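Presented below is the structure to which this report refers.
The values are calculated or read from the model by the stated rules, or taken from the named source; none is laboratory data. For clarity, every value in this text was computed on a predicted model and none was experimentally measured. In this analysis, Cβ positions are derived from the backbone assuming ideal geometry, glycine residues included, and neighbour counts consider all displayed protein chains.
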Amino acid sequence: MTATTALNEQKTATEQYSVTPPAIGFDDFHPTQDSLLQEVLKGLAKEQKTIPPKFFYDANGSKLFDEITQLTEYYPTRTEIELIKTHRQEMARYIGSSIELIELGSGSSLKVQLLLEGLKPSIYIPVDISREHLLESCQRLAEYFPEIYIHAVCADYSSKLELPDLSNGNRKVVFFPGSSIGNFEPQAAANLLENVATLVGQGGGLLIGVDLQKDHAVLNSAYNDGKGVTAAFNLNLLNRINSETGADFNLDKFSHKAFYNSQEERIEMHLVSNKEQQINVNGSNFKFCKGESIHTENSYKYSVQSFQKLAASVGFKPVKTWVDPQSYFSIHYLEMFTADG
Ligand code: AVI
């Protein structure tokens, strides 16, 4: 059965999204507005108010994130891209041929584009929570690479990784760039890597970008850029909650705050209330003292060894690690242990 017939027969929970030619597959498991409301109500009821960072990425948030990646202060994206450009042939040799490539948090799919030529996977499955962004990127990629079957999945990869099995016996390799693993607390990061391990199975691979610990001044300025794009990205979360749940956050009454917490080895982002105020979210009221914050994001920074230790805890064996000359960023290729080691 070809990928396209598989797509045509797969109707439940599946929409078809096609460009002419070629066709791309699409599964939509986008979280509902109910889940945003439930998580906001739960997070704001905590002593330290929190909202999970996955909600940053509505259409506007995704655009703002793309702008962040272009900022002088935000080194991770350009450093990771440079690493891929420099080492992509070697990466392709380590990864091997005849693979199904799954990308978590594919966004604009710019990084994978650099790899696809050398990797030539038979199937590429990008997974992202931002539907419009995902589909636009797939459309563009499908025009560049008509020989690769692209099956987009709109989903929150942090809660489940149930993907259509289109591998046809090919080895599965997950590409997880951008140091998005850093946005998960250590236990949640281990759980996510465990899900990846189950998904790829014995002998499967993981190519992952991981931001490294470094001079705190470099870290602090990456999340406090001079143009205020990171601040707009952080505040957009309140905008999104207002428009999707009918909450009444006034964006002028909150400020962006980001700092490196050296004990926890992470950047923390918060939205700080500029005054005492009360916010209504769908009939529930939440009181804010002046200076009280909503914790919106953690971005953990690893060493090569601390990341390898985390990956080893779920069975991934390091095969090769690439680090840039300033030791700002790392890309790891790891494989699941096979029975013979
Ligand atoms: C997506 N993630 C890896 C980014 C990071 O650096 O933690 C999100 C981000 N937040 C502020 N700037 C970028």
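Selection of first residues in the range 218-229 that are within 17 Å of residue 262 (Cα to Cα) and of second residues that are of a type in the set (Lys, Arg) and at pLDDT 95 or above, restricted to Cβ pairs under 8 Å at least 6 apart or on distinct chains, gives the following pairs, ordered by first then second residue: 219/301.
Is the range 9-23 home to any residue that is crowded, with 18+ Cβ neighbours inside 10 Å and either in a helix (DSSP H, G or I) or modelled with pLDDT of 80 or more (or both)? Scanning the range 9-23 turns up no residue that is crowded, with 18+ Cβ neighbours inside 10 Å and either in a helix (DSSP H, G or I) or modelled with pLDDT of 80 or more (or both).
Scan the range 43-77 residue by residue and report those that are closer than 29 Å to residue 322 by Cβ, among the charged types (D, E, K, R) and modelled with pLDDT of 95 or more. If the condition is that a residue be closer than 29 Å to residue 322 by Cβ, among the charged types (D, E, K, R) and modelled with pLDDT of 95 or more, then 67, 73 are the ones that fit. Considering 129, 150, the condition of being among the aliphatic types (A, V, I, L, M) and under 16 Å from residue 110 (Cα atoms) is satisfied by 150 alone.
Considering each of 37, 41, 71 in turn, give the residue that is in contact (Cβ under 8 Å) with a residue 24 or more places away in the chain, surrounded by fewer than 19 Cβ atoms within 10 Å (Cβ to Cβ) and part of a loop (DSSP other than H, G, I, E, B). So that I can check it myself, show each step before the final result.
Details: 37 fails: part of a loop (DSSP other than H, G, I, E, B); 41 fails: part of a loop (DSSP other than H, G, I, E, B).
Checking each option against the conditions leaves just 71.
The selection criterion, being in a loop (DSSP other than H, G, I, E, B) and within 14 Å of the ligand (Cβ to nearest atom), does not hold for residue 211.
What single numbered condition from (1) more than 13 Å from the ligand (Cβ to nearest atom); (2) out of contact with any strand residue (DSSP E or B) (no Cβ under 9 Å at 6 or more places or on another chain) fails to hold for residue 218? Result: residue 218 passes all but (1). Is it the case that residue 184 is within 15 Å of the ligand (Cβ to nearest atom), touching a residue at least 40 places away in the same chain (Cβ under 8 Å), surrounded by 23 or more Cβ atoms within 10 Å (Cβ to Cβ) and not β-branched (Val, Ile, Thr)? When the stated conditions are applied, residue 184 does not pass them.
Filtering the range 280-328 to residues that are assigned to a loop (DSSP other than H, G, I, E, B), among the hydrophobic types (A, V, I, L, M, F, W, C) and under 24 Å from the mean Cα position of the chain (by Cα) leaves only 314. Of all residues in the range 33-74, those satisfying the criterion of being under 19 Å from the mean Cα position of the chain (by Cα), within 20 Å of residue 159 (Cα to Cα) and among the charged types (D, E, K, R) are 39, 54, 58.
For residue 80, the test of being in a helix (DSSP H, G or I), under 29 Å from residue 162 (Cβ atoms), within 15 Å of the ligand (Cβ to nearest atom) and modelled with pLDDT of 95 or more is passed.
Taking the condition under 26 Å from residue 88 (Cα atoms) and in a helix (DSSP H, G or I), does residue 219 pass?
Numbers: under 26 Å from residue 88 (Cα atoms): no; in a helix (DSSP H, G or I): yes.
Spelling it out, it is not the case that residue 219 is under 26 Å from residue 88 (Cα atoms) and in a helix (DSSP H, G or I).
Hey, could you check the range 83-102 for residues that are of a type outside the set (Val, Ile, Thr) and part of a strand (DSSP E or B) and say which is farthest from the ligand (Cβ to nearest atom)?
Taking the range 83-102 and keeping what is of a type outside the set (Val, Ile, Thr), we get 83, 85, 87-94, 96-98, 100-101.
Then keep just the ones that are part of a strand (DSSP E or B); that gives 100-101.
Details: 100: 24, 101: 20 Å.
Restricting to residues being of a type outside the set (Val, Ile, Thr) and part of a strand (DSSP E or B), the top hit is 100.
For the range 129-150, the tally of residues that are assigned to a strand (DSSP E or B) and within 17 Å of residue 171 (Cβ to Cβ) stands at 1.
For the range 50-74, the tally of residues that are more than 16 Å from residue 228 (Cβ to Cβ) and among the β-branched types (Val, Ile, Thr) stands at 2. Each residue in the range 245-279 was checked for being surrounded by 15 or more Cβ atoms within 10 Å (Cβ to Cβ) and assigned to a loop (DSSP other than H, G, I, E, B), and 3 of them qualify. Taking the range 290-313 as the range and being farther than 18 Å from residue 335 by Cβ and within 16 Å of the ligand (Cβ to nearest atom) as the test, the residues that pass are 293, 294, 295, 296, 297, 298, 299, 300, 301, 302.
State whether the residues of the range 152-171 include one that is within 16 Å of the ligand (Cβ to nearest atom), in contact (Cβ under 8 Å) with a residue 60 or more places away in the chain and crowded, with 19+ Cβ neighbours inside 10 Å.
Applying the first criterion (within 16 Å of the ligand (Cβ to nearest atom)) to the range 152-171 yields 156-158.
Adding the requirement that they be in contact (Cβ under 8 Å) with a residue 60 or more places away in the chain leaves 156, 158.
Cutting the leftovers down to crowded, with 19+ Cβ neighbours inside 10 Å gives us 158.
Within the range 152-171 (the criterion being within 16 Å of the ligand (Cβ to nearest atom), in contact (Cβ under 8 Å) with a residue 60 or more places away in the chain and crowded, with 19+ Cβ neighbours inside 10 Å), the answer is yes, since at least one residue qualifies.
When the range 68-77 is filtered for residues that are more than 10 Å from the ligand (Cβ to nearest atom) and closer than 15 Å to residue 108 by Cβ, only 70 remains.
Under the condition of being of a type in the set (A, V, I, L, M), under 17 Å from residue 249 (Cβ atoms) and out of contact with any strand residue (DSSP E or B) (no Cβ under 8 Å at 6 or more places or on another chain), the residues counted in the range 268-317 number 1.
Tell me which residues, restricted to the range 110-128, are part of a loop (DSSP other than H, G, I, E, B) and crowded, with 23+ Cβ neighbours inside 10 Å. Within the range 110-128, just 121 meets the criteria.
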